[in-house]
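Enquirer: Please find one structure pasted underneath; my questions will follow.
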Ligand code: ADP
């Protein structure tokens, strides 16, 4: 079968290789770029929403803790104004005698103990401390001039004095609440309560909260982290610094700025601050970012700031980004694998389809060829039938021809036959006439002799006609004969003669089947063996060879003797009817003629050879019968 080249044609190399090359060159960098891009987007989204969530949470914390700070501060708001009601205080301010002072000192000491404030003291309008709760202490405020304090200056003007500062006496920080004491609409002195707010810082530390409170100057006055304390959250000009230093509000502490590395305002009061690594505020190796949420504290010019560290969020966002990148890489890998698999399946399907198509074509062609073969088989069968018919016709014609040939031969022989028969008839007529006369004369012996001769002549004539009748008989030209059996039968027929001579018989042939009637083969062999025996009559050591060989679909049997041979003149007439060299009644001269005719009638041949060693050899050639006859096609 021829394969259809279209079915298996490969794609042209330029078309097949280029896209693959492009894919292999650009796909990995593209995937890596997309991994990085998507990873960053994942990181950004995670951070953004994380900050938002932290912000919401932080807002609640901010509110909670800011309120706690407000309540802590407001607790003492009205305490200084209560001293207005105390008559001993107004007496002291009006008349500052040691008795009056002592009375107020005792009163303030008791009040301070009960209110758990740091100190309570009373100043006159010049700013001198007239009485104080810590009058017993070595670093007592008693007699100190605190007129430079802003809270005094505000309070003496009738305004509420709110002030966070570091004590000039003992350097202790505190929240000062001052109130101008009025009598008859006139300010006679100032009452001050100093409060410690460090308890709040401890509370924040315990809650692991990072928070601070910055005052009206932007200075951190309270912080969960002591390192941030007294740092400025806003840039301070040299002039401001000078002014603050002079006010001694923060004692002599240097007011450094809390300098973030980066500051990003997210919304009002919400910032993202990044502090550099290994700074005095950050002991870590890496920069730290905070979400800073600030809210003003009511009744004060202060701000409360809550710092939420963003490292965990950032780490989480990085993890999310990596996760997104890895997920994308996995998806891309799965997609590529799926695509490759799809292509493999598609190729397999295409190959299977091509194979199926080729198979279908093959089957179609086989079906066509089978139909053709069946048709040609039918034609051949028809031809075989025709040939058989023709063969039959031919055989019949051949038979007819043989028969006609035989009859023609007999016709040709008719003159000879007539001559052969007329002679004995003429002799019979003469002999019978003579016999009648001899009988009349009484010569019975002679008559008897004549009658014997007449008998012999009749026998001869009978034999001639029998031979001719046998020859002319129709229908004996077919059949099969066994050569061995025919030879045995012929030898048996000549049995007496064979036994009476010292004949040496050489049998060298196979017991084959030949195509001739068994009787006719025996007839031929009887003739040939008889002639050989006749020729060897004078031979003291007669030898007869029966040699066979298969040749070209025929079997040749050579019947050779070491008799007298045939002279040159006789050789010319051997196969002529009635030619004989045998004396008297011994030969009819029909044996070879009829044998040759019988052999020819079955497709065979009878020939003669004259061996140089002497004697004669007759070669009978007959068609071999195949034991397994093949059906002719
Ligand atoms: P017949 O035997 O009646 O003579 P054949 O036709 O058989 O007739 O033989 C014709 C003649 O051929 C014989 O008379 C003989 O002279 C010669 N002939 C046949 N066979 C042999 C033989 N084997 N050797 C010598 N001569 C033979």
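The values are calculated or read from the model by the stated rules, or taken from the named source; none is laboratory data. Just so we're clear, the structure is a prediction, and the values are computed from it rather than from any experiment. Note: ideal-geometry Cβ built from the backbone for every residue, glycine included; neighbour counts use all protein chains shown.
Enquirer: Considering 60, 52, 103, which residue is in contact with a helix residue (DSSP H, G or I) (Cβ under 7 Å, 6 or more places away or on another chain) and either touching a residue at least 12 places away in the same chain (Cβ under 8 Å) or farther than 21 Å from residue 194 by Cα (or both)? Full working, then the answer.
Expert: Details: 60 fails: in contact with a helix residue (DSSP H, G or I) (Cβ under 7 Å, 6 or more places away or on another chain); 52 fails: in contact with a helix residue (DSSP H, G or I) (Cβ under 7 Å, 6 or more places away or on another chain).
Going through 60, 52, 103 in turn, just one is in contact with a helix residue (DSSP H, G or I) (Cβ under 7 Å, 6 or more places away or on another chain) and either touching a residue at least 12 places away in the same chain (Cβ under 8 Å) or farther than 21 Å from residue 194 by Cα (or both): 103.
Enquirer: Any residue at all in segment 292-311 that is out of contact with any strand residue (DSSP E or B) (no Cβ under 8 Å at 6 or more places or on another chain) and in a helix (DSSP H, G or I)?
Expert: no
Enquirer: Let me ask something else about it. What's the number of the condition residue 479 fails, among (1) buried (at least 17 other Cβ atoms within 10 Å of the Cβ); (2) at pLDDT below 90; (3) closer than 20 Å to residue 622 by Cα?
Expert: The failed condition is (1).
Enquirer: Is there any pair with a first residue in segment 604-617 that is near the ligand (Cβ under 10 Å from one of its atoms) and a second that is part of a loop (DSSP other than H, G, I, E, B) whose Cβ atoms are under 6 Å apart and which are 6 or more apart or on different chains, and what are they?
Expert: As it stands, the answer is 615/562; 615/563; 615/565; 616/565; 616/566; 617/611, since those pairs meet every condition given.
Enquirer: So which residues in segment 568-581 are closer than 16 Å to residue 619 by Cβ and near the ligand (Cβ under 8 Å from one of its atoms), if there are any at all? Even if it seems obvious, please write down each step before you answer.
Expert: Looking only at segment 568-581, we keep the residues that are closer than 16 Å to residue 619 by Cβ, and these are 571, 574-575.
The answer is 574, 575.
Enquirer: Count, please, the residues in segment 173-212 that happen to be in a strand (DSSP E or B), out of contact with any strand residue (DSSP E or B) (no Cβ under 7 Å at 6 or more places or on another chain) and under 28 Å from residue 61 (Cα atoms).
Expert: 0
Enquirer: Now for a separate question. Among the candidates 388, 396, 369, which residue alone is surrounded by 11 or more Cβ atoms within 10 Å (Cβ to Cβ) and either outside any helix (DSSP H, G or I) or more than 50 Å from the chain's Cα centre (by Cα) (or both)?
Expert: None of the others qualify; the one that does is 388.
Enquirer: When residues of segment 213-252 are filtered for being over 13 Å from residue 166 (Cβ atoms) and part of a helix (DSSP H, G or I), how many remain?
Expert: Residues that pass the stated criteria total 10.
Enquirer: Still on this structure, please answer the following. Starting from residues that are more than 16 Å from the ligand (Cβ to nearest atom) and within 22 Å of residue 549 (Cα to Cα), keep the ones in segment 488-503 and report whichever is surrounded by the most Cβ atoms within 10 Å (Cβ to Cβ). If you could, list the steps in order and put the result at the bottom.
Expert: Just the residues of segment 488-503 that are more than 16 Å from the ligand (Cβ to nearest atom), to begin with: 488-489, 492, 495-496, 499-500, 502.
In the following step, the residues that additionally are within 22 Å of residue 549 (Cα to Cα) were identified as 488-489.
Numbers: 488: 15, 489: 17.
Across segment 488-503, the extreme among qualifying residues is 489.
Enquirer: For segment 187-230, give me each residue that is out of contact with any helix residue (DSSP H, G or I) (no Cβ under 7 Å at 6 or more places or on another chain) and within 19 Å of residue 154 (Cβ to Cβ).
Expert: Answer for segment 187-230, where residues must be out of contact with any helix residue (DSSP H, G or I) (no Cβ under 7 Å at 6 or more places or on another chain) and within 19 Å of residue 154 (Cβ to Cβ): 194, 195, 215, 216, 219, 221.
Enquirer: Look through segment 577-593, keep the residues that are assigned to a helix (DSSP H, G or I) and modelled with pLDDT under 85, and return whichever of them is farthest from the chain's Cα centre (by Cα). Outline the logic, then answer.
Expert: Narrowing segment 577-593 to residues assigned to a helix (DSSP H, G or I): 584-586, 591-593.
Filter again for modelled with pLDDT under 85, leaving 584-586.
Values: 584: 104, 585: 102, 586: 100 Å.
Applying the filter and picking the extreme gives 584.
Enquirer: Right, something else. Can we say residue 211 is more than 19 Å from residue 303 (Cβ to Cβ) and either at pLDDT 90 or above or surrounded by fewer than 18 Cβ atoms within 10 Å (Cβ to Cβ) (or both)? Walk me through it before giving the result.
Expert: Details: more than 19 Å from residue 303 (Cβ to Cβ): no; either at pLDDT 90 or above or surrounded by fewer than 18 Cβ atoms within 10 Å (Cβ to Cβ) (or both): yes.
The answer is no for residue 211.
Enquirer: In segment 520-553, which residue that is part of a loop (DSSP other than H, G, I, E, B) and within 13 Å of the ligand (Cβ to nearest atom) is farthest from the chain's Cα centre (by Cα)? Before the answer, list the steps.
Expert: Start the filter on segment 520-553 by keeping residues that are part of a loop (DSSP other than H, G, I, E, B), which leaves 536-542, 552-553.
Adding the requirement that they be within 13 Å of the ligand (Cβ to nearest atom) leaves 536-539, 542.
Working: 536: 94, 537: 97, 538: 99, 539: 96, 542: 91 Å.
Selected residue: 538.
Enquirer: Any residue at all in segment 554-567 that's without any contact (Cβ under 8 Å) to a residue 12 or more places away in the chain, within 15 Å of the ligand (Cβ to nearest atom) and over 60 Å from the mean Cα position of the chain (by Cα)?
Expert: Just the residues of segment 554-567 that are without any contact (Cβ under 8 Å) to a residue 12 or more places away in the chain, to begin with: 567.
Retained after the next criterion (residues that are within 15 Å of the ligand (Cβ to nearest atom)): 567.
Those still in the list that are over 60 Å from the mean Cα position of the chain (by Cα) too: 567.
Within segment 554-567, one or more residues are without any contact (Cβ under 8 Å) to a residue 12 or more places away in the chain, within 15 Å of the ligand (Cβ to nearest atom) and over 60 Å from the mean Cα position of the chain (by Cα).
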